[in-house]
Amino acid sequence: MDFRILGSTEVLDGTRRVELPAGRGRALLALLILHAGEPVAAERIVDELWGEDPPRTAGTVVQGLVSRLRRALEPGRAKGDPPALLQTVGSGYRLAIDPESVDADRFKRLFDQAGNATPEERSAMLSAALRMWRGPALADFTYEPFAQRAIAALEELRIEAIEDRFDADLALGRGGELVAELEETIAAHPFRERLRGFLMLALYRAGRQAEALDSYRRTRSLLMEELGLEPGPALRELETAILRQDPVLEPQPTALAQERSGDTPSSWLPRERRTVTVLAVDVAPVAEPAVDPEAVGRLGARAARVAADVLERHGARVEHLIGDMLMAFFGFPLAHEDDALRAVRAALEARTAVHALDEDPSRVEGVRPRVRIGIETGDIVVAGPGAAIQDAVTGVVLSAAGRLQQAAGDGEVIVGPAAARLLRGTVILKQVERLPIDGGPATAWRVLELVAGAPALPRAFGAPMFGRQDELTRLRSAFRRAVRSGAVVRMTVLGEAGIGKSRLAQELAASIGADANVITQRCPAYSEGSFFPLREAVVEAAGLRGWRALHDLLSQGDHGRRPLGEIAGSMGLRAEPGSAVALFPAMRRLFEALASERPLIVVFDDLHWAEPTFLDLVDHLAREATGRIFLLCLARPDLIERRPGWERQDRLQLGPLSTGDLESLIVERGSIAPDALRRIVEVSQGNPLFAEQLLAALDDTTDAVPGSLRGLLTMRLDRLGPGERDVLRCASVAGMDVERDAVCALLPGDAHPFVERHLDALERKRLIDRAGTNRFRFCHALIRLASYQSMTREDRARLHERFAEWLERESPDRPPELAQILGYHLEQADTHRRATGTTSQIESAALEVSRGP
């Protein structure tokens, strides 16, 4: 079935147009389409359809509307059969359809795919996407409150797609034929400067230079009269380029045209260097000589399947090698801040799952499962995030993991020295006295068990907190407001990883002391289930009073008779679990009961990892709960991308620590040399976690990112598109402060038209800061280092040489320091070439330049 909202709401069943109800029935369907595949609570449906003052019968009306929609969507469903499309989920409903069934989702997918396509492909894809629109988004709900945010978002995407399609058409050399369409589009969107720039360029390419300049004057007049603003830098630069008839305004040959002419442009940086944790596992069964080989093979294949399922569930990329050997990569194609810890957790769980096969009733006598696992961390070079593993360069880390696996006994998990350093404080290890195999690492450790509750990056929370007094005062004031008003107060603390959000929450709890109960719910990054934070909350609540006292408290008054039973059922702690939505009222009653005796602080930590349903629960508590409750939400800024509405809530942005506070924090850990202290303060740039990890890695080279932070930083790079990532990499060669022209000099010509847009995206993602129209600066030195180290040495050498050539060409006056800068970059190029074993012919040139003129 095809569900359409890009225009009026329609549903097509093949060629049949489904007859939909009018009024609130159609509105309910549109609401469910906007949340396709997700449960929508009945309470939320009532709020969205009736607002703050619904009739008492609203719930019954919703049930009737659902019944009418089910009859319309599944007219052939037999009486008594469960509905396949519009399902009941707890006290809510879900439209159980694939997002691809919704025209808006198909439009978004095409729009995203077009971003990295060639101009020819981009124009075709965006044209196809725009043909899906039959009118304004959700045209039959223009004034309905529930549709406002969706309409605004879809219409913004539509105009962006229109702009991108014009951009692609101009890149294909079109000009005059676009003028009429551009003028029509501008009439509907008069303040879109990008559209007006396209019109100026189209007029200029059509030989109508005077009209192009007149278009700029009319645009400037409109903006000044209506908005009191001058045109932006892009339009002003375009006017200047038209006045001087800059050749850059002429159509550039596209990739297809260059391919046809045999002039293939240089590529961006297709290869990358990554730090990964490699897990090698042998699940070949142990069999007596008389056992049939088919039985052995069947058990081995089953064990490999079971182990692979476990490893993939923990985020690994699994490759099947010869026989019953598996190799799993944690950190490729996507990095996580805890890849080494994930590997160990996956190994222990895989061992348990494979050994459990011995209890299978169908097992064959004389054959039993066996598991031997080796784990090590190191660098590989791959052709890109989507590359086949055969394209990875086989290096030390792959063979090291394999040798560790061979040295392991049945059921043993052996880790190498690099992985052991990353696992410090999170896994209990015992050193292996001597590996029973030649060529393995000099030292290795056997995994004994995990440290319960240990974070991937151990933090020194026991030390005094430095700085943050203003932030702490603001949190205390919000808590006191909840106590005075007797109403729920929510505050969201946003900050980058390691900036001190959890430490601040801990300090708040300590400063409040016995004046409030505190419950902390940590959202795990993966694998522990969406209800894990709620299990923590219930256990902590019981810890405050004891299970029997908590049960008695919840059984009193209007808290209901079965909240603990509902919570247990919804979390899957009994045979027939309930739904997530059914859990909302029970958790609300739990917190209200606790707050009835003493003010309650509920800390939601790492909310950026939370499942959508859990975020809905936080919204439900903030909106529906009563009592002296302070909801403290801790998250990275990524959360606002997922929940834009939270940007309007009371929030606190946690910035870097001051230099003085950071120095005090470092010195508190022990004595340190002044030079090392200065270096750590400079590189960590106000981030306490970065400072702690740099301090722990003082023996490492100061030009390297500490191993404990690589995954965390690579995670941010992995979220970038390929163009954005390579702009950042090229910029990292030039230093912390970079000229836009320098980046262009390091990129192929066909990338130049997109550099400005990529820089805008990098600024939005807080990776760079603009410093004028032609300069920008990395937000953090470690981001620059991570970007630089993600390139292969061959690419670094090539870019250092190109940057030196650009500097020499663009600096005709040759200031005294230029010789040193050129010498540095040529020396770096030579160093990287020597490290990779490639021929270097620039040593003499580097020495000559370093002497100066």
Tell me, in nm to one decimal, what length is gained between Ser67 and Arg809 on full extension, where the rule is 0.36 nm per residue of separation less the Cα-Cα distance?
259.7 nm
If you line up the Cα atoms of the range 1-84 on their principal axes, what length do they span on each, largest first, in Å?
40, 34, 23
Hey, can you grab everything whose amide H is under 5 Å from the amide H of Val286? Only 5+ residues off in sequence or another chain; H modelled, so Pro and N-termini drop out.
Arg368, Arg370
Quick one: if you stick a label point 7 Å off each Cα along the C-beta vector at Val291 and Gln649, how many nm between them?
5.5
Jot down the per residue volume, in cubic angstrom and as a whole number, of the convex hull over the alpha-carbon atoms of the range 269-368.
97
Whole-Hz Karplus ³J(HN,Hα) for the range 730-742, in order, using 6.51 cos²θ - 1.76 cosθ + 1.60 and θ = phi - 60°, x for Gly and Pro?
4, 5, 5, 5, 7, x, 6, 9, 10, 8, 4, 5, 5
For the Arg17, Arg174 Cβ pair and Förster radius 51 Å, calculated FRET efficiency rounded to 0.05 is 0.85
Lys and Arg at +1, Asp and Glu at -1: neighbours of Arg68 with Cβ under 11 Å from its Cβ sum to +3
Hey, what's the range 270-412 come to in accessible area per residue, 1.4 Å probe, Å²?
42
Could you please state how large a percent of the accessible area of the range 700-838 is carbon and sulfur, counting protein chains only and using a 1.4 Å probe?
47
Using θ = phi - 60° and Karplus 6.51 cos²θ - 1.76 cosθ + 1.60, couplings along the range 774-789 (whole Hz; Gly, Pro as x):
10, 9, 8, 9, 4, 5, 8, 4, 6, 5, 4, 4, 5, 5, 5, 6
How many nm separate the modelled label positions at Glu52 and Thr352, each set 7 Å beyond the Cα in the direction of the Cβ?
5.0
Which value, in Å², gives the accessible area per residue of the range 4-163 when a 1.4 Å probe is used on the protein heavy atoms?
49
Taking only the Cα atoms of the range 15-132, how large is their convex hull per residue, in Å³?
136
Plugging the Cβ-Cβ distance of Arg678 and Asp112 into 1/(1 + (r/R0)^6) at R0 = 30 Å yields, to the nearest 0.05, a FRET efficiency of 0.10
Per residue, what accessible area does the range 634-779 have, given a 1.4 Å probe and all protein chains present, in Å²?
43
Here the range 671-685 yields Karplus 3J(HN,Hα) values (6.51, -1.76, 1.60; θ = phi - 60°; whole Hz; Gly and Pro given as x) of 5, 8, 5, x, 5, 5, 4, 4, 5, 5, 4, 5, 6, 6, 6
Between rounded, prolate and oblate, where does the range 696-831 land on the alpha carbon gyration tensor, with a ≥ b ≥ c its root eigenvalues, rounded for a/c under 1.5, else prolate if a/b exceeds b/c?
oblate
Provide the gained length on full extension for the span Glu225 to Glu193, in nm with one decimal, where the gain is 0.36 nm per separating residue minus the Cα-Cα distance.
10.0 nm
For Arg522, what residues show an amide H to amide H distance below 5 Å, using hydrogens built from the backbone and excluding near sequence neighbours?
Asp605
Sulfur and carbon atoms: percent of accessible area, the range 1-61 [1.4 Å]
46
Report the FRET efficiency, 1/(1 + (r/R0)^6), for Ala84 and Arg642, where r is their Cβ-Cβ distance and R0 is 51 Å, rounded to 0.05.
0.95
Projected area of the range 707-775, taken from the Cα convex hull and averaged over every viewing direction, in nm²?
4.7
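The values are calculated or read from the model by the stated rules, or taken from the named source; none is laboratory data. In this text, all values refer to a predicted model and were calculated from it rather than measured experimentally. Using ideal geometry, Cβ is built from the backbone for each residue, glycine included, and neighbour counts are taken over all protein chains shown. All accessible areas refer to the heavy atoms of the entire protein, side chains included, with ligands and DNA or RNA removed. Shrake-Rupley method; radii C 1.70, N 1.55, O 1.52, S 1.80 Å.
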